1. Considering only C-alpha atoms, what is the centroid distance from segment 241-275 to segment 78-154, in Å?
2. Can you compute the helix-only [θ] at 222 nm over the chain? Use -39500 (n - 2.57) per DSSP H run of at least 4 residues, normalise by all residues, nearest 500 deg cm²/dmol.
3. Points 7 angstrom from Cα along the Cβ direction at residue 12 and residue 58: gap in nanometres?
4. Given an 8 Å cut-off on Cα distances and at least 6 residues of separation, report the relative contact order of segment 214-335 as a percent.
5. Which pairs break 32 Å Cα to Cα here: 81/225; 101/294; 101/173?
6. Given a 1.4 Å probe and the protein chains all in place, what does the accessible area of residue 168 round to, in Å² to the nearest 10?
7. Enter the accessible area per residue of the chain (Å², integer; probe 1.4 Å; all protein chains in place).
8. HN-Hα J couplings of segment 117-129 from phi, Karplus 6.51/-1.76/1.60, θ = phi - 60°, integer Hz, Gly and Pro as x?
Amino acid sequence: MKIYTDKEYQQQYYATLEYEEITRNVRGFNEIGSHKSQWSHTQYSFLYLGEGIEVNFFEEEIYVDHNCLVEHDDQQCLTAKFYFQGNHGVICPDVQGVSGKYQEMGGQHYLFYLPSIEEIEQYWARDYLKMLRIQVDLQVIRKFITELYSVPEILTPLIHSNNSNRFHYNVGKITPEMKTIARQICYHPYQGAIARMYLEAKVWELLAMQLNQLGDSTPLKSSLKPQTLDCIYEAREILLSELENPPSISQLSQQVGVCQRTLRRGFKELFGTTVIGYLNQKRMEKAQQLLRQKQLSVSEVANIVGYSHFGHFSTAFKNQFGITPSQCLAGEKII
């Protein structure tokens, strides 16, 4: 698959742009926008708090498989990512202790420090991404640090120097409390200066939760060989292309050339769930996309994603998103 530079991708994207809408200075956000082309459909909210803190919340439906070359500048900042939905592949072989090829996955949150580096970001058609990203300048972090023992050990080198080793950590699962804070950030009722005060407080609250969880976590390392990783990713693509009538685990393992045990272990390590769990997650994400389009009934959507029993579909959907398919069809928001 072709690898696009950021400039090349932007040219391709805007060459097929269908619409773009931007509203500024609403509910405390600097900018809220939506744009759509043949490549993807994106809705976003952007917030700059003025003291080295940037916040981005976006939802993106991917239409075309593509790889993008991303060049990180030398800005000294920490980045926190909260992936509420979707998956995003990364090829970045220059980070010590991290597999050269990994994924950021729905339901997980991450913290990284990656100045002055290039990486390839991978996006797949049919994926629906929902993510909150917070970038904090190191000088802002240092203002809060008076005692080194009060912060997670992995951050202490950043307090001493800008020349700390790069890192990328999967901190763990997004907790219900984190989801609540994210929902409050995105859908709060305030305006003007009060909105800015509220948003800044909630951003710090979410970061505090993440750092607290980080103190008890360790970086994840892949134990799978590169060739085996490729087989697991191939199995993932097969499942995504055959959501309505997927192969069994036995059939899938034969198709990609690994044993069932390795297939199960690979899915658990890369995607944080079982093969069946991953399949169900993607079915529900596809169902949500179809329901949001408001062109099909709930029963029609259930059939498309492989559910012949409406009750089973409704239960699975509510377990995934916290609302029923009918509520989703009616436009009720979720995080």
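1. One Cα centre to the other: 26 Å.
2. Calculated from helices alone, the mean residue ellipticity at 222 nm is -12500 deg cm²/dmol.
3. Spacing of the two 7 Å Cα→Cβ label points: 1.5 nm.
4. About 20 percent, as a whole number.
5. Listed pairs above 32 Å: 101/294.
6. Roughly 20 Å² of residue 168 is accessible to a 1.4 Å probe.
7. Roughly 49 Å² per residue, with all protein chains present.
8. 8, 10, 8, 10, 9, 10, 10, 10, 4, 5, 7, 10, 9
The values are calculated or read from the model by the stated rules, or taken from the named source; none is laboratory data. Since the structure is predicted, the reported quantities are computational estimates derived from the model, not experimental observations. Methodologically, a virtual Cβ is constructed for each residue, glycine included, from the backbone with ideal geometry; neighbour enumeration extends over all protein chains shown. Note: areas computed on protein heavy atoms with side chains; ligands, DNA, RNA excluded. Shrake-Rupley method; radii C 1.70, N 1.55, O 1.52, S 1.80 Å.
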